[in-house]
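Data block below; observations after.
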Amino acid sequence: MIRIGNDTVIKEVEKIALNENYIHCIDILAKIRTDASEKALLRLFEQTKNISIQTVIADALCQQLSIAAIHKVEHLLEEGFDASILELDESLYANLVLQQIDKPYINEMKNNVLQQQAHAKQLLDVYFQQPVTKKKSDGMTRSHAVVLYGIIV
């Protein structure tokens, strides 16, 4: 569906995006980087009041490098988001940096993201009971742990 990525795919995925498989549908729309998919994600964001779904959509919009969504993501960060799913401030920070948009809070956000990444690395070090390196081990590798735990290090 992502490879096809035309308006028909976007419309059909948007129709079912708010059902129980919302993460997969929103991920499809996030990876189709067109104006139509960005608009579909913006509509979906407005249609739902479910904070978990809004969090996933906000992340997808940041992946799309959506300038139109920045205010919505900022508002979600202020009012609360589902932190059990992902760290939304990392997504917004990446969007702002890649778009070269300067915000008064960007240095504070950068420091928070770096602290979160350092904490995630500490957790991985504890899990492996040794510093995590880029070398492969007999068991789980760093990349496996990152994928398994959804942590960006």
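The values are calculated or read from the model by the stated rules, or taken from the named source; none is laboratory data. Predicted model, so just to flag it, every value in this text is computed and none were measured. Glycine also receives a Cβ, built like all others from the backbone with ideal geometry; neighbour counts cover every protein chain displayed. To get the accessible areas, we keep the full protein, side chains included, count just its heavy atoms, and leave off ligands, DNA and RNA. Shrake-Rupley method; radii C 1.70, N 1.55, O 1.52, S 1.80 Å.
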Check: Can you name every residue in the range 2-22 that is surrounded by 15 or more Cβ atoms within 10 Å (Cβ to Cβ) and among the aliphatic types (A, V, I, L, M)?
Finding: Val9, Ile10, Val13, Ala17, Leu18
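Residue by residue, here is whether (1) over 21 Å from Glu12 (Cα atoms); (2) at pLDDT 90 or above; (3) in contact with a strand residue (DSSP E or B) (Cβ under 6 Å, 6 or more places away or on another chain) holds:
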| position | (1), (2), (3) |
| --- | --- |
| Ala40 | no, yes, no |
| Thr48 | no, yes, no |
| Thr55 | yes, yes, no |
| Ala58 | no, yes, no |
| Ala69 | yes, yes, no |
| Leu77 | yes, yes, no |
| Ser84 | yes, no, no |
| Gln99 | yes, no, no |
| Pro104 | yes, no, no |
Next item on the list: Can you give me the number of residues within the range 31-53 that are assigned to a loop (DSSP other than H, G, I, E, B) and among the hydroxyl-bearing types (Ser, Thr, Tyr)?
Entry: 2
Next item on the list: Scan the range 61-81 and report the pairs whose first residue is over 12 Å from Asn95 (Cα atoms) and whose second residue is among the hydroxyl-bearing types (Ser, Thr, Tyr) and part of a helix (DSSP H, G or I), with Cβ atoms within less than 6 Å and a gap of 6+ or a chain change.
Entry: Phe81/Thr55
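Inside the range 65-83, can you point out the residues that are open to solvent by 40 Å² or more (accessible area, probe 1.4 Å) and among the hydrophobic types (A, V, I, L, M, F, W, C)?
In the first step, residues of the range 65-83 are kept if they are open to solvent by 40 Å² or more (accessible area, probe 1.4 Å); the result is 65, 67-68, 71-72, 75, 77-79, 81, 83.
Hits for the range 65-83 are Leu65, Ile67, Ala68, Leu77, Phe81, Ala83.
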Next item on the list: Give me a count of the residues in the range 65-92 that are hydroxyl-bearing (Ser, Thr, Tyr) and within 8 Å of the chain's Cα centre (by Cα).
Entry: 1
Next item on the list: Among the residues of the range 31-64, write down those that are exposed (fewer than 15 other Cβ atoms within 10 Å of the Cβ) and under 13 Å from the mean Cα position of the chain (by Cα).
Entry: Ser52
